[in-house]
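What follows is a set of notes on a single structure, which appears directly below.
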Amino acid sequence: MNKPLILVSNDDGISSDGIRFLEEAMAPLGEVYVVAPDQERSAASHALTIHKPLRINQKDPTHFSLNGTPTDCINFALYVILPRKPDLIVSGINHGVNLADDVTYSGTVSAAFEGSILGTPSLAFSLEVPSDPYSPFQMETAAHYARIIAGLQLERPPDPSVLLSVNIPNLPLEKVQGIRITHLGKRILNETNIIKKEDPRGRPYYWIGMGPKDYDPDEASDLHAIDHGYVSVTPLHLDLTHYPSIHSLKKWEEQTAPKQDGTPFP
Ligand SMILES: [Mg+2]
């Protein structure tokens, strides 16, 4: 029987430290292929490239880069590059967490979303940024938990409709408190994160800064788990429908219906 085929991708680019650690973490679990953007595409969200040609750069039999987005990479891996359908897709290890509303911007999580859409169980791994710029990313910690969680995932009955977004606190392994299964939290937005500055010629320019640190004090949330030293595992699915609103909005169908004589509303 074949070993599980594991596809590794990311949004930080094929040369990033995170993808190297993730590939090494997956090696004991199966046959590993890497298909990733040729440069950093963080915050690319779920973008698909449709206005320019894409090229595959094969570095060796199992490493490929693409001049596209994470979503492009998953499509090309599944339909052009891999010898067979993968058993698991893993994305990361991202340099920075993807908590709460981050998942809507994240290329890392979107690669896993694409894997899920295309019918393969998928995991996204993101590591907290060090608290000061001179401290290292604890990639060994993230890789350790990536291997554990990918191993557990491979033992589960596959359900491609649900992907797991895993966030890891930037701590030495012995300081991590364990794993928490969480839901997406909610940050408290009380000021803009668009920072205005002035260039040497006196013209304004802007940076989009980091998100707010404050969050709703919900102990079951991903934000709370990371803040308290736990690895956060959040199951996500792509059905964004808010089902309770369907009932209350249903009356709009009647209110806006064309009249009996065919006259359109209003
Ligand atoms: Mg990134």
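What the table below lists for this structure:
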| item | result |
| --- | --- |
| Residue list for the range 129-172, filter: among the β-branched types (Val, Ile, Thr), surrounded by fewer than 20 Cβ atoms within 10 Å (Cβ to Cβ) and over 18 Å from VAL109 (Cα atoms) | ILE148 |
| All helices (runs of 4 or more DSSP H) inside the range 158-266 with 3 or more residues being over 19 Å from the mean Cα position of the chain (by Cα) | 243-249, 251-255 |
| Filtered residues of the range 40-77 (kept if of a type in the set (A, V, I, L, M) and out of contact with any Asp or Glu (no Cβ under 9 Å at 6 or more places or on another chain)) | ILE50, ILE56, ALA77 |
| Any hit, the range 126-136, residues being away from the ligand (no atom under 16 Å from the Cβ), within 15 Å of the chain's Cα centre (by Cα), at pLDDT 95 or above and closer than 19 Å to MET26 by Cα | no |
| The range 81-125, residues that are open to solvent by 30 Å² or more (accessible area, probe 1.4 Å), within 13 Å of the ligand (Cβ to nearest atom) and among the hydroxyl-bearing types (Ser, Thr, Tyr) | TYR105 |
| Contacts under 7 angstrom Cβ, first residue in the range 118-137 being farther than 25 Å from ALA77 by Cβ, partner away from the ligand (no atom under 15 Å from the Cβ) and among the hydrophobic types (A, V, I, L, M, F, W, C), 6 or more apart | GLU128/ILE226 |
| Residues of the range 20-52 that turn out to be open to solvent by less than 10 Å² (accessible area, probe 1.4 Å) and within 14 Å of the ligand (Cβ to nearest atom), as a count | 3 |
| Some residue of the range 2-12 being within 14 Å of VAL109 (Cα to Cα), among the hydrophobic types (A, V, I, L, M, F, W, C), within 16 Å of the ligand (Cβ to nearest atom) and open to solvent by less than 70 Å² (accessible area, probe 1.4 Å) | yes |
| Number of the exception - LEU78 against (1) touching a helix residue (DSSP H, G or I) at 6+ places or on another chain (Cβ under 9 Å); (2) open to solvent by less than 40 Å² (accessible area, probe 1.4 Å); (3) under 30 Å from ALA225 (Cα atoms) | (3) |
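The values are calculated or read from the model by the stated rules, or taken from the named source; none is laboratory data. Since the model is a prediction, treat every value here as computed from it, not as a measurement. With ideal geometry, Cβ positions are generated from the backbone for all residues, glycine too; neighbour counts draw on all protein chains shown. Note: accessible area is taken over every heavy atom of the protein model, side chains too, but ligands, DNA and RNA are not part of it. Shrake-Rupley method; radii C 1.70, N 1.55, O 1.52, S 1.80 Å.
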